[in-house]
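What follows draws every value from the coordinates through simple rules; no lab data is involved. Remember, predicted model here, so these are calculated numbers, not experimental data. So basically every Cβ, Gly included, is an ideal-geometry build from the backbone, and we count neighbours across all protein chains shown.
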Amino acid sequence: MYEIAAFLLLGTMALALMRALRGPTVFDRILAVNMFGTATVLMISVIGFMGTSRDLVDIALIYALVSFTGTIAVLRFVEYNVDQSRADGVEGSVPSALQTDAAPDTTGGAAS
């Protein structure tokens, strides 16, 4: 039964890796890498339960914490760079998937 779960997890990891390589936006790629990390945690746990080494479950928990922290750090970095490039007025540095088509509010927020 654990072998079937391991093969299904490998398939999920392959699909996540494909999405990470092909993702149209940076957020799709980050989500795919996060999903790959979650599947890796599950794979380490399954391997730990298949064998006699239950210590792998502890390693999986540590990997989950590192993966979560890394994902949050990358998202903050991307968010900061997008905000900074918009503040600088640099048009080319903002990915096209993150640009909005709406015109900026030049009235200072006052209602018409």
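Here are the numbers for this structure:
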{"quantity": "Surrounding net charge for Asp28, when Lys and Arg each add one and Asp and Glu each subtract one, Cβ distance under 9 Å", "calculated": "+3"}
{"quantity": "Under-5 Å amide H pairs with Gly23, H placed in peptide plane, nonlocal only", "calculated": "none"}
{"quantity": "Per-pair calculated FRET efficiency, R0 = 30 Å: Phe7 and Val74 via Cβ, rounded to 0.05", "calculated": "0.55"}
{"quantity": "16 Å tail of the calculated P(r), region 2-88, as % of Cα pairs", "calculated": "60"}
{"quantity": "For region 72-77, 3J(HN,Hα) per residue [Karplus equation, 6.51 cos²θ - 1.76 cosθ + 1.60, θ = phi - 60°, Hz, x = Gly/Pro]", "calculated": "5, 5, 5, 5, 5, 4"}
{"quantity": "Summed side-chain charge close to Arg19 - residues other than Arg19 whose Cβ falls under 10 Å, Lys, Arg +1, Asp, Glu -1", "calculated": "+1"}
